[in-house]
Amino acid sequence: MKETFGEQIDEMRKNAPDDQKHIQDYLASNCFGDYYTRNGLDMKTRELLTYSMLISMGGTDSQVRGHIQGNLNVGNNRETLIGITTQLLPYIGYPRTLNALACLNEVLPEK
């Protein structure tokens, strides 16, 4: 998990209100513990799949931004993320595609 998100996960828990820290614990142990540590997929593929699902869901901009950074941390790049977003366009529609691109441009502006 640190490979993908660095200290951000620790910061999320530290900054969570006391009555919500248990949610951060569940996220760390279940989502990132149980699923991200499984065999069968490398971390680059896992992050691409997670990014794909999040942009498809809509209403997940905060998580999309986090997983854009996660993708960069494991070696995926802007070109790959734009390619994935473009591939999903006919399935997720323009609004979700444009939201994903806005998140991408926020996290990783074009040079």
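Taking the range 1-59 and the helices (runs of 4 or more DSSP H) fully enclosed by it, the elements with 2 or more residues that are modelled with pLDDT of 90 or more are at 43-57. Of all residues in the range 66-81, those that are on the phi < 0 side of the Ramachandran plot and free of Cβ contacts under 8 Å to residues at least 24 places away in the same chain have Cβ atoms under 8 Å from Cβ atoms of residues that are surrounded by fewer than 23 Cβ atoms within 10 Å (Cβ to Cβ) and in a helix (DSSP H, G or I), 6 or more apart or on another chain, in 67/50; 67/54. For residue 50, state whether it is among the β-branched types (Val, Ile, Thr) and without any contact (Cβ under 8 Å) to a residue 12 or more places away in the chain. Spelling it out, it is not the case that residue 50 is among the β-branched types (Val, Ile, Thr) and without any contact (Cβ under 8 Å) to a residue 12 or more places away in the chain.
For the range 53-75, a residue qualifies if it is closer than 17 Å to residue 105 by Cα, out of contact with any Phe, Trp or Tyr (no Cβ under 8 Å at 6 or more places or on another chain) and surrounded by 15 or more Cβ atoms within 10 Å (Cβ to Cβ), and the qualifying residues are 54, 55, 60, 61, 63, 65, 72. Return yes when residue 89 is surrounded by 12 or more Cβ atoms within 10 Å (Cβ to Cβ) and farther than 21 Å from residue 7 by Cβ and no when it is not. Criteria met by residue 89.
Looking at 24, 63, which one is under 19 Å from residue 10 (Cβ atoms), under 13 Å from the mean Cα position of the chain (by Cα) and of a type in the set (S, T, N, Q)?
63
Quick one: would you say residue 110 is exposed (fewer than 11 other Cβ atoms within 10 Å of the Cβ) and touching a residue at least 24 places away in the same chain (Cβ under 8 Å)? Here the answer is yes, as residue 110 does meet what is asked.
The values are calculated or read from the model by the stated rules, or taken from the named source; none is laboratory data. Computed from a predicted model, the values in this text were never measured in an experiment. We place every Cβ from the backbone using ideal geometry, glycine too, and count neighbours over all the protein chains shown.
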